[in-house]
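I have placed the structure first, in the form of structure tokens, so that the comments after it can refer back to it.
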Amino acid sequence: MTKVSFKITIIVLSLILSLSSCINGDSKPVAEVEEVEILPENIVELRDDQIQLAGIQTGSVEMRSVSSTIKVNGIISVAPQNQATVCMPLGGFIKNTNLVPGNAVKKGQTLAIVENQDFVDIQQNYLEAKNKLVFAEAEYKRHTELYKDDVYSEKNVQRVTVEYKNLKVLVKSLEQKLFLIGINPDLLSEDNISNQVNLVSPISGFLKAVNVNIGKYVSPTDILFEIVNSDQLFLELTLFEKDADKVAAGQKIKFFINNETDVHEALISQTGKSVSDDMTFRVYGTVLGSCKNILPGMYVNALIEESDIKVTALPSEAVVSFDDKDYIFVFEKEKDEDGNAMTEYLIVEVRKGVSASGYTEITLPEGFDINVARVVIKGAYHLLSAKKNAGEMAC
């Protein structure tokens, strides 16, 4: 029992001596703890040499016009004033024609010769009424003068006046009938009465349809010729209602036909003012210049350039994406760390819009001052890599 107590006493003394030696400085000093800077999650920093290596440059957020395009389909059409349906108002028999579909015609050119006995009656009635009007006008003037001299009664003057005015009405109405069938009353006389008239083209263009042949009887409601002028074509495009606020008169259109690579241009002249049952509406564009191989009725694929509006924008390479979110880097501050010049950049989340001509529209967070902020416009992906890899480019 005494031996055990002695051993315990020796161990306790040894421990006391060890602690005393530590206090008196006989042991080695304890190592100091090194201080480490912890950066916020939205900050990334680089040394000056890393900035130069990455080619990082800063700039400002700009207000730019950035436009996008809408893909649509449609057809080539012609304006109502550039197409004509030709009929014969009084009917008749086709005496002569030598045209076929596809022929080019000019305004005033004879399309066919139509024969009808009623043409003779109209000319006869007109010439007779015109001759009577000459006599009636002379009588009207004579009676008016005699009435002033109290030679004729007022009743006689009134009767002559009515006859004169009735004949004027008759002559005017027969003149319009002559114009209707294509006869100029000023050139008509008793020596050139004819049972044939020339059916002429009202516009210049090409014949889309020819529905006549020699000897055929045509009625006033029959369509004899269809003429289309393709010099002024326009596009009839179909858009969905969701795009109604994206198009307006004056916007440019680029379109293609028959899977061709040639680009044709047009300009929106008018937009539809109502939506159809299938929730679409029409947009009309005037074709610019002369386009070969384009005919009415052709199917087209078109791109409408949206209206240019001023938006906040940056060079596209300034906006980086990670985990389905978009970011930019903004200069925060410069500092010195252990003798090294360092620069901090703030990570700012934004929302991307349309992109065009190397620039991208961005929506900035509330309170962001575009007049002060210096945004990284080159080298943003290097900063993103430094942040993701946490050490490859960071200090």
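Among the residues making up segment 101-142, those that are in contact with a strand residue (DSSP E or B) (Cβ under 7 Å, 6 or more places away or on another chain) and among the aliphatic types (A, V, I, L, M) are A104, V105, L111, A112, I113, V114. For segment 356-369, the criterion of being surrounded by fewer than 17 Cβ atoms within 10 Å (Cβ to Cβ), at pLDDT below 90 and either among the hydrophobic types (A, V, I, L, M, F, W, C) or in a strand (DSSP E or B) (or both) is satisfied by no residue at all. Hey, among S189, S194, which residue is among the polar types (S, T, N, Q) and under 25 Å from I94 (Cβ atoms)? None of the others qualify; the one that does is S194. Restrict the check to segment 135-151 and report whether at least one residue is surrounded by 15 or more Cβ atoms within 10 Å (Cβ to Cβ), within 30 Å of I193 (Cα to Cα), among the aliphatic types (A, V, I, L, M) and assigned by TED's automatic domain parsing to the domain that holds N195. Yes: one or more hits. Selection of segment 297-341 for residues being under 30 Å from the mean Cα position of the chain (by Cα), loosely packed, with under 12 Cβ neighbours inside 10 Å and not in a strand (DSSP E or B) yields G297, I309. When Q176, Q196 are checked against the criterion of being farther than 27 Å from E265 by Cα and surrounded by 12 or more Cβ atoms within 10 Å (Cβ to Cβ), a single residue qualifies: Q196. Whenever a residue of segment 248-262 is small (G, A, S), its partners that are assigned to a strand (DSSP E or B), lying with C-beta atoms within less than 6 angstrom and at least six residues away or across chains, give the pairs A249/I268.
Scanning segment 263-282 for residues that are in a loop (DSSP other than H, G, I, E, B) and surrounded by 12 or more Cβ atoms within 10 Å (Cβ to Cβ) turns up G272, V275.
In summary, no strands (runs of 3 or more DSSP E) completely within segment 69-170 bear 1 or more residues that are in contact with a His (Cβ under 9 Å, 6 or more places away or on another chain), hydrophobic (A, V, I, L, M, F, W, C) and within 30 Å of I253 (Cβ to Cβ).
Of the residues making up segment 286-296, at least one is in contact (Cβ under 8 Å) with a residue 24 or more places away in the chain, assigned to a strand (DSSP E or B) and at negative phi.
Report yes if some residue within segment 189-212 is touching a residue at least 12 places away in the same chain (Cβ under 8 Å), among the acidic types (D, E) and either assigned to a loop (DSSP other than H, G, I, E, B) or touching a Phe, Trp or Tyr at 6+ places or on another chain (Cβ under 8 Å) (or both); otherwise report no. Checked segment 189-212: at least one residue is touching a residue at least 12 places away in the same chain (Cβ under 8 Å), among the acidic types (D, E) and either assigned to a loop (DSSP other than H, G, I, E, B) or touching a Phe, Trp or Tyr at 6+ places or on another chain (Cβ under 8 Å) (or both).
The values are calculated or read from the model by the stated rules, or taken from the named source; none is laboratory data. Worth saying up front: this structure is predicted, and the values here are computed from it rather than measured. As a convention, Cβ positions derive from the backbone with ideal geometry for all residues, glycine included, and neighbour counts pool all protein chains shown.
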